[in-house]
Amino acid sequence: MEEEDEDGSIESLLRWASHIGISDASTTTHHSLSLGSSLFVSHFPHSGGRGLAAVRDLRMGELILRVPKSALMTTHSVMQHTNLSQALNRHPSLSSTQILNVCLLYEVGKGKASRWYPYLMHLPKSYDILAMFGEFEKTALQVDEAIWVTEKAVLKTKSDWQQAHALMEDLKFKPRLLTFKAWVWASATISSRTLHIPWDSAGCLCPVGDLFNYDAPGKEPSDIGDLEDLLSSSSIHDGSLSNEDNTTVADAEQLDSQSQRLTDGGFEEDANAYCFYARANYNKGDQVLLCYGTYTNLELLEHYGFILQENPNDKVFIPLEPAVYSSTSWSRESLYIHYNGKPSFALLAALRLWATPQIKRRSVAHLVYSGSKISADNENFIMKWLLKTCHGVLKNLPTSIEDDTLLLNAMDNSQDFCTFLEVTKLMSLRDEVDTFLEAHNMKDKCSDSSIVLSRKTRWSMDKWKLSIQWRINYKKVLLDCISYCSQILDSLVE
């Protein structure tokens with residue numbers, strides 16, 4: 001997810017990429033080392049911005065991009081420079097990610113002398129990851145967990161910069177590359193764009209390969225019914241299969257395994273390249289997506305700088321009584337509410353046990369761990385408790401989901417900043433707007449009908465918008481959980 005590049009054209013990047021052997025052809029013959037056979041760069045305003053689209057119909061599992069090892073920017077490939085390698089030996093305590101950060105800034109400092117110069121010129125000038133959130137954008141998240149994660153990300157980035165500063169001075173970095181602003185940009189680049197490689201935990205920067213936008217993996221089972229559906233769709237139903245049937249199942253499992261292996265991509269030793277495969281069937285013109293892994297919206301915001309409006313892997317954690325944790329062996333990370341408002345299997349189990357007198361818990365444990373209700377009274381109690389808790393969390397937040405939605409709509413539908421200020425004058429969220437103005441020393445300028453926002457202010461507004469979108473999704477999950485609990489309570493009295 002990124003903004004449009006400001007310097008140069010995407011065509012120059014693709015020409016350079018083709019020249020160094022990056023190819024989207026499905027064969028590896030010499031004449032096919034080029035781009036444009038499978039993919040082209042396009043803009044998807046409602047799904048990630050700039051991304052890669054299919055030139056032709058693509059089949060799931062088909063090779064669609066190959067980036068040779070020599071094109072990857074890794075710690076090893078940059079450290080081939082003698083001075084850098086010697087300097088790194090004098091600073092052995094730095095992590096692999098800190099070293100890759102330094103390597104990236106080192107190449108930026110080389111300017112046109114860098115072998116990756118065309119690629120570096122097309123990297124975004126700003127990112128929206130949590131480490132780049134200021135005080136205002138952090139506070140706009142509203143939820144303690146999100147604010148804490150943001151503070152931790154900022155402190156970690158500052159600590160990494162301070163630890164690496166001596167190395168960068170040793171390498172005689174230019175003053176602008178020694179700043180925290182330069183470091184947090186490099187850190188955001190590494191966080192949001194690197195791909196996994198087996199020989200370095202910091203990963204690699206992969207030209208063209210990092211243009212794929214994100215596709216979330218499928219939803220995880222949210223209750224025992226989902227688990228049963230998953231099991232019933234399995235290839236193996238019972239142990240009474242004939243040899244012929246067993247062979248068929250084995251072949252199907254091998255095909256499924258191969259299909260999963262070919263999904264998305266990874267570095268392949270035999271090809272000496274990073275290879276990407278279509279994770280689905282795509283029609284000509286469709287956006288071709290890449291799954292980075294399973295992330296909640298807060299994790300996506302922390303590491304990549306975007307969220308999904310419909311994220312099947314999103315989770316909301318609510319405050320629980322200490323006795324809930326002690327009543328079960330489930331980990332705290334498993335006690336959450338799913339994106340659709342349903343309590344997780346573990347949360348339901350923990351609450352059912354907690355609501356049972358301790359002397360009776362052993363006798364009902366088998367029901368709890370099979371996903372069954374203990375009794376109507378027990379279910380009634382925990383649903384009322386969940387409903388009340390979700391109501392309490394929402395009540396303690398500074399704004400309602402209705403107010404947040406009005407503010408977000410004002411941002412989306414206002415032609416300019418002056419119109420936005422006019423639209424929000426009568427809103428109950430005007431205090432938040434005023435705080436934004438104060439944070440950017442614009443309080444005295446809001447009467448000026450020709451306000452021109454600085455680049456820094458526009459970037460801050462983008463992050464503010466993300467904060468609002470995130471908290472809307474958070475509140476929506478809680479509201480959906482309230483609806484779910486109400487439905488269960490209604491069913492108990494029928």
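The values are calculated or read from the model by the stated rules, or taken from the named source; none is laboratory data. What you see is a predicted model; the values in this text were computed from it and never measured. Every residue, glycine as well, gets a Cβ built from its backbone with ideal geometry; the counts of neighbours run over all protein chains shown. We work out accessible area using only protein heavy atoms, side chains counted, and drop any ligands, DNA or RNA first. Shrake-Rupley method; radii C 1.70, N 1.55, O 1.52, S 1.80 Å.
Report yes if residue 64 is farther than 22 Å from residue 172 by Cα and either assigned to a helix (DSSP H, G or I) or open to solvent by less than 10 Å² (accessible area, probe 1.4 Å) (or both), otherwise no. Working first, answer last.
Details: farther than 22 Å from residue 172 by Cα: yes; either assigned to a helix (DSSP H, G or I) or open to solvent by less than 10 Å² (accessible area, probe 1.4 Å) (or both): yes.
The answer is yes for residue 64.
In a residue-by-residue description of the stretch 406-417, the property of being touching a residue at least 24 places away in the same chain (Cβ under 8 Å), of a type in the set (Gly, Ala, Ser) and on the phi < 0 side of the Ramachandran plot applies to no position.
Scanning the stretch 372-399 for residues that are open to solvent by 50 Å² or more (accessible area, probe 1.4 Å) and over 23 Å from residue 361 (Cα atoms) yields 388, 391, 395, 396, 398. The lone criterion from (1) at negative phi; (2) at pLDDT 90 or above left unmet by residue 256 is number (2). State whether one or more residues within the stretch 94-107 are open to solvent by 70 Å² or more (accessible area, probe 1.4 Å) and either out of contact with any Lys or Arg (no Cβ under 9 Å at 6 or more places or on another chain) or among the polar types (S, T, N, Q) (or both). No, the stretch 94-107 contains no residue that is open to solvent by 70 Å² or more (accessible area, probe 1.4 Å) and either out of contact with any Lys or Arg (no Cβ under 9 Å at 6 or more places or on another chain) or among the polar types (S, T, N, Q) (or both). Candidates 409, 441: the one that is modelled with pLDDT under 90 and farther than 19 Å from residue 146 by Cβ is 441.
Considering only residues that are outside any helix (DSSP H, G or I) and of a type in the set (A, V, I, L, M, F, W, C), look in the stretch 452-488 and name the one that is nearest to residue 137 (Cα to Cα). The residue in question is 453. The helices (runs of 4 or more DSSP H) found wholly in the stretch 308-421 and carrying at least 3 residues that are over 24 Å from residue 486 (Cβ atoms) occupy 322-326, 361-369, 401-413.
Can you find even one residue in the stretch 325-335 that is touching a helix residue (DSSP H, G or I) at 6+ places or on another chain (Cβ under 6 Å), surrounded by fewer than 18 Cβ atoms within 10 Å (Cβ to Cβ) and among the hydroxyl-bearing types (Ser, Thr, Tyr)?
Taking the stretch 325-335 first, the residues touching a helix residue (DSSP H, G or I) at 6+ places or on another chain (Cβ under 6 Å) are 327-328, 330, 334-335.
So of that shortlist, the ones also surrounded by fewer than 18 Cβ atoms within 10 Å (Cβ to Cβ) come out as 334.
Right, trim to among the hydroxyl-bearing types (Ser, Thr, Tyr) and you get 334.
Looking through the stretch 325-335, at least one residue is touching a helix residue (DSSP H, G or I) at 6+ places or on another chain (Cβ under 6 Å), surrounded by fewer than 18 Cβ atoms within 10 Å (Cβ to Cβ) and among the hydroxyl-bearing types (Ser, Thr, Tyr).
Before we move on, is residue 79 of a type in the set (A, V, I, L, M), open to solvent by 50 Å² or more (accessible area, probe 1.4 Å) and touching a Leu at 6+ places or on another chain (Cβ under 8 Å)? Criteria met by residue 79. Taking the stretch 31-86 as the range and being of a type in the set (Lys, Arg) and more than 23 Å from residue 204 (Cβ to Cβ) as the test, the residues that pass are 56, 59. Selection of the stretch 259-283 for residues being charged (D, E, K, R) and modelled with pLDDT of 90 or more yields 268, 269, 270, 279. Here is the figure for the stretch 113-147: residues that are under 20 Å from residue 182 (Cβ atoms) and polar (S, T, N, Q) total 2. If you go through the stretch 33-61 and keep only what is in a loop (DSSP other than H, G, I, E, B), open to solvent by 30 Å² or more (accessible area, probe 1.4 Å) and polar (S, T, N, Q), you end up with 34, 37, 47. The residues on offer are 462, 404, and the sole one that is open to solvent by less than 30 Å² (accessible area, probe 1.4 Å) and of a type outside the set (A, V, I, L, M) is 404. Within the stretch 70-90, residues that are assigned to a helix (DSSP H, G or I) have Cβ atoms under 8 Å from residues that are open to solvent by less than 70 Å² (accessible area, probe 1.4 Å) and among the aromatic types (Phe, Trp, Tyr) in these pairs: 78/106; 84/106, counting only partners at least 6 apart in sequence or on another chain. Within the set 491, 428, 467, the sole residue that is more than 28 Å from the chain's Cα centre (by Cα) and touching a residue at least 24 places away in the same chain (Cβ under 8 Å) turns out to be 428. Scanning the stretch 101-131 for residues that are in a helix (DSSP H, G or I), more than 15 Å from residue 207 (Cβ to Cβ) and aliphatic (A, V, I, L, M) turns up 102, 105, 113, 130, 131.
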